[in-house]
Every structure is written in C-alpha cells, then in structure tokens.
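Working notes, beginning with the structure itself.
Please treat every number below as a calculation from the coordinates, not as lab data. Since the model is a prediction, treat every value here as computed from it, not as a measurement. Here Cβ is always computed from backbone atoms with ideal geometry, including for glycine, and neighbour counts include all displayed protein chains.
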Amino acid sequence: MLISCPYCGPRDVSEFTYQGDGTRRRPAPNSQDLEAWNEYVYDRANPAGPHTEFWQHSGGCRAHLKVVRDTLTHEISSATFVREDLRHQAATARHGAKS
Ligand SMILES: [Zn+2]
C-alpha cells in the first residue's frame, strides 16, 4: 500500500504510523457528560468503505496526515496535512460558519 505524502510523494506504508480514527471528536475538557467521554474513550467504529484516519510519516518528513482510506480495498482517495484541516477549522471558528 502506498500513501502519497503531500510533501514527500508516494511512499510505502511501512514509513507511516497509524494514529487512529480521524472522525472522533473529543468532548470539551470541562465537560461533565460521562456518556460523551465514555463514547470518546471506548467506542470505535469499524466501517466497511471510505474512512478518515490520522497517519504520521514517521519514517520521512514526520508530518501528520489526514488520510481517507477505503477499508475494503485499501485505496487511498486523499492524504492532506492535518495542519491544513486545523487551519480551516480555526478560520471557520473565527469567522463563523457560513451556510
Ligand atoms: Zn512525508
């Protein structure tokens, strides 16, 4: 399986470290919602099909990536820097969601 690092280009998966489900959202640090914390810590989805995951190019540039991988075929449809995603979320939070 090849992952196309936006900085280094296509590299073998052995250069990368899986860092978990990219769709989970951590509750607010001061949240008292035990159900939400329980879900965040213990519940895991096991989707059959496209899934968003975090990977690190640990054997290369060490960038953290958000990868969309089909769990049935292992085809990777996108790999982007996590920072770009965070930058977009911060801009949306600053300027408000426009819909
Ligand atoms: Zn890289």
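Annotations for the structure displayed:
- Rounded to 10°, Cα long-axis angle of helix 82-95 versus longest principal axis of the chain: 30
- Residue-averaged [θ]222 nm for the chain, counting only DSSP H segments that reach four residues, each worth -39500 (n - 2.57): -7000 deg cm²/dmol
- The range 2-95: equivalent-ellipsoid semi-axes (sqrt of 5 x gyration tensor eigenvalues, Cα, Å): 26, 18, 12
- Nitroxide proxy distance, nm - points 7 Å out along Cα→Cβ at SER14 and TRP37: 4.2
- When the chain is treated as a GNM with alpha-carbon contacts under 10 Å, the residue of SER77, SER14, SER31 showing the greatest mean-square fluctuation is SER31.
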